[in-house]
1. So what is the relative contact order for the range 31-173, in percent, with contacts set as C-alpha pairs under 8 Å and at least six apart?
2. Looking only at the range 127-150, which residues have a backbone nitrogen under 16 Å from a spot 7 Å from the Cα of residue 109 in the C-beta direction?
3. What percentage of the solvent-accessible surface of the chain, computed with a 1.4 Å probe over protein heavy atoms, is contributed by carbon and sulfur atoms?
4. Would you mind calculating the relative contact order of the range 10-112 from Cα pairs under 8 angstrom and at least 6 residues apart, reporting the percent as a whole number?
5. For residue 90 and residue 102, compute 0.36 nm times the residue count separating them, minus their Cα-Cα distance, and round to one decimal in nm.
6. Rounded to the nearest 0.05, what FRET efficiency do residue 43 and residue 15 give with R0 = 35 Å and r taken as the Cβ-Cβ distance? Could you check?
7. Relative to the compact globular guide of 2.2 N^0.38 Å, what is the alpha carbon radius of gyration of the chain, as a ratio?
8. List the DSSP H helices in the chain whose Cα atoms stretch 30 Å or more along the helix axis and whose mean Kyte-Doolittle hydropathy is at least 0.0.
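The values are calculated or read from the model by the stated rules, or taken from the named source; none is laboratory data. All values reported here derive from a predicted model rather than from experimental measurement. Heads up, the Cβs are rebuilt from the backbone with ideal geometry, glycines too, and the neighbour counts pull from every protein chain shown. What goes into the accessible areas is simple: the full protein's heavy atoms, side chains included, and nothing from ligands, DNA or RNA. Shrake-Rupley method; radii C 1.70, N 1.55, O 1.52, S 1.80 Å.
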Amino acid sequence: MSGIWKIVTPLLGVLALVAVLAAGWSGYSWWSAAKGNEAETVVARDTALQAARQLAVTLQSVDPAHPEDSIAAWEAAATGPLLQKLRTDKQKYLGDLQKSPSTSQATVVDAALTALNANAGTATAITALDVSQSALVNGVPGAPTVRQLRVKLTLSRTTDQGWKVSSSGLVNA
């Protein structure tokens, strides 16, 4: 019997070492998934999508009684090239809103991210919107019309204010 134990004992030691290493690797993999990049990506995806829904509404909504507030809201939703364009053309937009006042209120029908780079802080979203518009006649809103829009948003995550729109455009039907 002592000859068998000489062979079995080292074999049991090797098997125990393999079991401990496998358990350690499994524990590390679980911890890494829970605390690591995958969890950060999920959070980035959820926050980017939520932001895209809100930002799309903001950029398609206008209160003609307070055009400066509407443009300020657009600027607050923007960053990069879009923010620069809004600032450059601010007086033009104010003039257009004052010349042809109408209310515009958007609601999101659906939204999805089409691209996400959580590490770079960039995302692309497509939003389907119903935009209700009413022209003002003598300060009284007329009958509303509803347009369906599909808007592509390029999002950038800012360090201090979260996700913002860096470019926006209509998607053809």
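1. Averaging sequence separation for qualifying contacts and normalising by length gives 24 percent for the range 31-173.
2. Only 127-133, 145-150 pass the distance filter.
3. Reported share for carbon and sulfur atoms: 60 percent.
4. 32 percent
5. That works out to 2.6 nm of additional length.
6. E between residue 43 and residue 15, to the nearest 0.05, is 0.30.
7. Dividing the Cα Rg of the chain by 2.2 N^0.38 Å gives 1.76.
8. Helices passing the filter in the chain: 2-35, 37-59.
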